[in-house]
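Worksheet: one structure, shown below.
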Amino acid sequence: MGLDFSGADLAGGDFSESWFTDARLTGVNLAGAEFYRADAEGADFSGTNLTGASLVRANFDDASLRGARLDEANLIKASLCDVDASGASWHGTQIMGASLLDVDLCGADLTNAVVKENSFKVRVDANTIFNGFSGTIFGPIEVVSENGTQEVGGDDLERFIQGQGGNIRVVPRGEAR
């Protein structure tokens, strides 16, 4: 088990290239913090405030972001693999060239989030909000419903997001610009 920072106020801190592997950061205020190339693999950020944080090239693989606030955060080339981000808020978040693989976004709010050429193999449900969600992604995604899980990609994924108030383009592999 890593370090325990639960409930701390670390807003605006510079944690560039820091190691938070398996750390407990539940309910921490990290608004405006800098995490350039930080390693937070396996860390627990449940309920944490990461509003306006810079998470450029950060590693959040196997982390928990359940119920976290990532509003206006910057996730350029960040890695989020096998992450629980259910119920997280992503209002206006910039997600550019990042890898979101096997990320649980059920109940998450992606209002006005902007994506550009991201691996976006995520799981969503009827409670996931896509209002104003825009940009380009590589799919497919999994849509969870009471009838089971369905994989949605390509034109069907574009239509699905548009039906939820977003506007994305699914980029076929090999066509990234």
Has the range 141-161 got at least one residue that is closer than 24 Å to V56 by Cα and touching a strand residue (DSSP E or B) at 6+ places or on another chain (Cβ under 9 Å)? yes
Which condition number does A11 fail, the rest of (1) closer than 29 Å to G166 by Cβ; (2) surrounded by fewer than 19 Cβ atoms within 10 Å (Cβ to Cβ) being met? (1)
Output yes when any residue across the range 134-143 is surrounded by fewer than 21 Cβ atoms within 10 Å (Cβ to Cβ), over 23 Å from P172 (Cβ atoms) and out of contact with any helix residue (DSSP H, G or I) (no Cβ under 8 Å at 6 or more places or on another chain), and no when none is. no
Answer yes if at least one residue in the range 28-37 is closer than 21 Å to G135 by Cα and either surrounded by fewer than 21 Cβ atoms within 10 Å (Cβ to Cβ) or in contact (Cβ under 8 Å) with a residue 24 or more places away in the chain (or both), and no otherwise. no
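Sort through V103, V83, V122, V115 and tell me the only one that's more than 21 Å from V171 (Cα to Cα), of a type in the set (V, I, T) and assigned to a strand (DSSP E or B).
Details: V103 fails: more than 21 Å from V171 (Cα to Cα); V122 fails: more than 21 Å from V171 (Cα to Cα); V115 fails: more than 21 Å from V171 (Cα to Cα).
Unique residue meeting the criteria: V83.
Filter the range 125-147 for residues that are of a type in the set (A, V, I, L, M, F, W, C) and either over 14 Å from the mean Cα position of the chain (by Cα) or part of a loop (DSSP other than H, G, I, E, B) (or both); which is modelled with the lowest pLDDT? Steps first, answer last, please.
Here is the first cut: in the range 125-147, the residues of a type in the set (A, V, I, L, M, F, W, C) are 126, 129-130, 133, 137-138, 141, 143-144.
With the extra rule that they be either over 14 Å from the mean Cα position of the chain (by Cα) or part of a loop (DSSP other than H, G, I, E, B) (or both), the set shrinks to 126, 130, 133, 138, 143-144.
Details: A126: 95, F130: 98, F133: 98, F138: 90, V143: 97, V144: 97.
Per the criteria, the residue is F138.
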What number goes with the only condition from (1) buried (at least 18 other Cβ atoms within 10 Å of the Cβ); (2) modelled with pLDDT under 95 that A176 does not pass? (1)
When residues of the range 15-27 are limited to those that are more than 20 Å from I95 (Cα to Cα) and of a type outside the set (V, I, T), the one surrounded by the most Cβ atoms within 10 Å (Cβ to Cβ): L25
Hits in the range 67-80 - residues which are farther than 16 Å from V115 by Cβ and part of a strand (DSSP E or B): R69
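Hey, could you check the range 38-66 for residues that are charged (D, E, K, R) and assigned to a strand (DSSP E or B) and say which is surrounded by the fewest Cβ atoms within 10 Å (Cβ to Cβ)?
Keep residues of the range 38-66 that are charged (D, E, K, R), which gives 39, 41, 44, 57, 61-62, 66.
Still in the running and assigned to a strand (DSSP E or B): 39, 44.
Details: D39: 18, D44: 24.
For the range 38-66, the residue satisfying everything is D39.
The values are calculated or read from the model by the stated rules, or taken from the named source; none is laboratory data. Quantities reported herein were computed from a predicted structural model and do not represent experimental measurements. In this analysis, Cβ positions are derived from the backbone assuming ideal geometry, glycine residues included, and neighbour counts consider all displayed protein chains.
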